[in-house]
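The values are calculated or read from the model by the stated rules, or taken from the named source; none is laboratory data. What you see is a predicted model, and the numbers here were worked out from it, not measured in a lab. Here the Cβ positions follow ideal geometry from the backbone for every residue, glycine too, while neighbour counts run over all protein chains shown. Side chains are part of the model used for accessible areas, which takes the heavy atoms of the whole protein and leaves out ligands, DNA and RNA. Shrake-Rupley method; radii C 1.70, N 1.55, O 1.52, S 1.80 Å.
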Amino acid sequence: MTLEVGKDGSGKEEETVAAENNEARNTESAITIEGENGILKEPEDYAGDFALEIPEVSAIIDLTEQQPWWSRKRWSSSCLPFLFFESEKEEFQKMKRTGDFGKLRSREDISDTDADRHLDMALRNVRAMDDDRGGRLCGATREYLYMLIASLALYTLDIWTDALMAIDHLFRQRIAYGIFTISFMVAPAIVSILQGIFWSFYYEEKINWRTLILNRDRIFKRLVESIEYASKSRKDYSTIAYNYELFDKQRRVEKYKESNLDDWNSGIKMLCKELSAKKELETIRPRCNASLLQSAPQALLQLIYCFINYPENGYERILIALCVSSSIVNLAWAIHKTHFELHYQEGWANDMESKGYMEFYGILFTKCIRILCLSKAIIIMKNLFSVVWLGYFILLFVTLCYFTTRARIYQHIFNDSSFIPWPLYRMFTLNVEVGLWKLDSIDHFLYFAETLVLVISI
């Protein structure tokens, strides 16, 4: 359906159209077409004389219906609430309740939420494309989707094996090991809360207790959402692409500008892929903090127990092997994805490449050797290890932060509010934002020298 704007004629029909247009210009906000589920703003709001086709709003509203996780419709191509701004979804729900199809909210009604900001950025990227440069107008690759599923499975396995290990220790009357295992499981939440309180007072901001306490739940939820969006980016949207394109024009009606994009079927796929990457990015830093405070010390603790009291029970051996391996792999993956975050490019594929996997394997190998050697050193040196490491680290910390050419960089790393303080994880890894192969400071050289000394001495 089209609405002709600014036409003059001599016949009766043309006079009627002109009268209706004049009446519409005097309306307070927007035009409502009687008997149609369509929405248009005032014709004078448009730039120039043209005809703007009205989308089928009933079909658009169906796309915004949120479904529960277990619903099959949630994972179908007809459930896309994440492609609409919060104000739009609220307006559609109001329209559905009242049956009154009023005017669309304008671009300025976008809320200050992460979801709205991410959608706005993704829409800008899609609208600007006039061709498929670099193969960007496509859904997520099958490998990327499998990688997200494996990432979620690894994260869940790490948590469950730690919980089972704690139960096993307590059940077998190994109280000290059980308490330490539980302590490492809750350490990320405790440090996150304390760090959040400190930075809230430092910047004089209001403390968001829900965000601090539910940090782990946020990681799991965002990973599931990332998988959902990636899977939907591989579906076909030819039946709804046209309506969504018309609806997107409505969003920009006050400053109307034709989009360069011709194929909105591919455009919707790219939107889903971009938003999938955004959801994954939201999990990277919290997950890295959790792995440094839980996975790394957990693997070290269980290896120490295994070397001191090698279990004869087959179930216990399997459980310890799963706990240690899942912890180390999760640690290596979290550090690797931190590098992915640093090199993320808006509007590009951002899929895993062979060099990315090679870096992950290098990190995994290094962390395996490091944690294995540390566990043996602690068993051999016992309490003396704590004294030697503490003295060495204090000397290292003072030297790097005050007496090297990169002192200001290390001070910034120590004060970075998005990561846990550097001293809490230096035993296991370097600054997590620095790639494995980048040897450009004293600390990098010393880290690999420490590992080499541990290997030779043990």
Take peptides 177-183, 310-316, 369-375 and line them up by average Cβ neighbours within 10 Å, highest first, as a rough protection proxy. 369-375, 177-183, 310-316
Nearest 0.05, what FRET efficiency do D263 and Y357 give at R0 = 30 Å with Cβ-Cβ as r? 0.45
For region 371-418, the accessible surface attributable to carbon and sulfur atoms (probe 1.4 angstrom, ligands and nucleic acids excluded) amounts in percent to 68 percent
Give the peptides 88-96, 63-71 in descending order of average Cβ contacts within 10 Å, highest first. 88-96, 63-71
Counting sequence-distant residues (5 or more places) and residues on other chains, those with an amide H built under 5 Å from that of S233 are A140
Could you report the accessible area of L157 in Å², rounded to 10, computed with a 1.4 Å probe on the protein chains as they sit in the structure? 70 Å²
For the peptides 357-363, 223-229, what is the packing order when you average, over each peptide's residues, the other Cβ atoms within 10 Å and list the highest mean first? 223-229, 357-363
